[in-house]
Amino acid sequence: MSHDAHTDRDPHHDPLKADSDSQGGSRHPDADPLTDSRPTHPESRRAPLHIDPRIERSHTLPGWVYTDPELYRKQKERVFARSWQWIGAADSVKAPGHVLPRTLLEGCLDEPLVLTRADDGALRLLSNVCTHRGALVVEGEGHVRFLRCRYHGRKFGLDGCLQAMPEFEGVEGFPSPSDDLPELPLEQWGPFLFTALDPVCSFDDWIAPVRERVGFMPVEEFRFDPNHSRDYLIDANWALYCDNYLEEFHIPYVHGASLTGSLDYDRYRTERFAWGNLQFGMGRDGEPGFDLPPGHPDEGEPVIAFYFWLFPNLMLNFYPWGLSMNLVQPLGPERTRVAFRSWVWREELRGKGAGADLHRVEMEDEEVVESVQRGVRSRLYQRGRFSPRREVGTHHFHYLLDQALRRDGRGEGGGQGGG
Ligand code: FES
Ligand SMILES: [Fe+2]
């Protein structure tokens, strides 16, 4: 299996912009149902989607969850349209008048948005869709005094408020607030911006464990490193990528040569929060670890990596040298892009410890994840059980995903059930 990974070496590269060859989305959803030999897991033979909150009793997600186009569509509305998503760095739009179009979760939600910095210095995230007949308003980054839709000339302020519309004399009840560009919540942690279309939890609840554990690091001072930032394209469902990331079980088997030299597997553990979890990479004797300040909850422990996962698709891996962020971006039921973005704090620690060769570790993970994707398509595979000691994070993810699929989605007209 080849990996069409490629590197973004342009320092001005938009950290979330997809590369052109990743735009095909899934290579499978359009497969001809008459010639496609992959099983369809008819509903009558599907294991139910139910995750028991007690890991000792629970089964894993059934195989059909990782291939089913209908469930994938539900996940877009119930999981991704209802969760917090990374949308960029605050310093990408500095001066008043600066506007920058962004696409929320490109290849999945594809929601057109625009970041604007108004005259009063306020940073906003607006819908980039004209409230007249739906044209995209801002087509490229630039510096402007107002936004003007080029289709019929509707004019908006940088705050999204409608300012003028030609040829609209006599239109009753116009303008009204619904003629302004909708504004999305914009939250900041360190230099990073986050947004959500219709979040099921508050941003503060979501980010709280990160603030508590790594708030001692000067994240605002971290420097973006384009040379260690790249996209990986994987022939697997996005949730399989998360499943693998979230369990420690495979470390000695899959990363025996790359990680077990620095990680103390016996002391490795996972802690769960309401909306995410944290794996503690504990170092063997002599491994360079964090200098945890007095009063830190893990003071005195030989932590060499904090591996945060925040529901549903953000991974923040903190090492003594800085941060490796992984954004898991679904492109289809069996196709995923994972954006690796690095920010460096202490360059001199870069080549040391568990965060030294992330590309090698990623290649090791991708091979097993793609292998599992071929396996979960099987007519003979139903679902598995969990190791209570080593698969805590994966079980937590499955539980949160099951719960999310029971809620109404952003783009749905009601209805319950996880399919
Ligand atoms: S669609 Fe924007 S002015 Fe008509
Ligand atoms: Fe791994």
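No other residue among Leu158, Leu115 is more than 16 Å from ligand 1 (Cβ to nearest atom), closer than 30 Å to Ala239 by Cβ and not acidic (Asp, Glu) apart from Leu115.
Of the residues making up region 291-334, those that are within 23 Å of Val392 (Cβ to Cβ) and among the small types (Gly, Ala, Ser) are Gly300, Ala305, Ser324.
Anything in region 212-226 that is assigned to a strand (DSSP E or B) and either crowded, with 20+ Cβ neighbours inside 10 Å or in contact with a Ser or Thr (Cβ under 8 Å, 6 or more places away or on another chain) (or both)? List them, or say none. Within region 212-226, Phe224, Asp225 meet the criteria. For region 312-417, the strands (runs of 3 or more DSSP E) that sit wholly inside it and include 1 or more residues that are among the basic types (Lys, Arg) and either more than 16 Å from ligand 1 (Cβ to nearest atom) or surrounded by 23 or more Cβ atoms within 10 Å (Cβ to Cβ) (or both) are 335-344.
The rows are residues; the columns are (1) free of Cβ contacts under 8 Å to residues at least 12 places away in the same chain; (2) within 16 Å of ligand 2 (Cβ to nearest atom); (3) crowded, with 18+ Cβ neighbours inside 10 Å.
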| residue | (1), (2), (3) |
| --- | --- |
| Pro182 | no, no, no |
| Gln188 | no, no, no |
| Ser202 | yes, no, no |
| Ala274 | no, no, no |
| Gln279 | no, yes, yes |
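Inclusion of Pro209 among residues that are more than 10 Å from ligand 1 (Cβ to nearest atom), closer than 30 Å to Phe273 by Cβ, at pLDDT below 95 and not basic (Lys, Arg) is not warranted. Between Leu331, Leu323, the distinction of being more than 15 Å from ligand 2 (Cβ to nearest atom), of a type in the set (A, V, I, L, M, F, W, C) and over 24 Å from Gly286 (Cα atoms) belongs to Leu331 only.
Of all residue pairs spaced 6 or more apart or on separate chains, those with beta-carbon atoms under 7 Å, a first member in region 125-152 that is touching a residue at least 60 places away in the same chain (Cβ under 8 Å) and a second member that is away from ligand 2 (no atom under 16 Å from the Cβ) and not hydroxyl-bearing (Ser, Thr, Tyr) are Leu125/Ile87; Leu125/Leu113; Leu125/Leu115; Leu125/Glu183; Leu125/Leu184; Leu125/Leu186. Residues satisfying the criterion are present in region 121-144 (criterion: within 16 Å of ligand 1 (Cβ to nearest atom), modelled with pLDDT of 95 or more and among the charged types (D, E, K, R)). Scanning region 248-269 for residues that are in a loop (DSSP other than H, G, I, E, B) and of a type in the set (Asp, Glu), which turns out farthest from Gly286 (Cα to Cα)? Here the answer is Glu248.
Of all the listed residues (Ser342, Ser378), the sole one being out of contact with any strand residue (DSSP E or B) (no Cβ under 9 Å at 6 or more places or on another chain) and of a type in the set (Ser, Thr, Tyr) is Ser378. Looking only at region 93-126, residues that are among the hydroxyl-bearing types (Ser, Thr, Tyr) and crowded, with 20+ Cβ neighbours inside 10 Å come to 1 in all.
The values are calculated or read from the model by the stated rules, or taken from the named source; none is laboratory data. What you see is a predicted model, and the numbers here were worked out from it, not measured in a lab. Note that each Cβ is placed from the backbone with ideal geometry, even for glycine, and that neighbours are counted across all protein chains shown.
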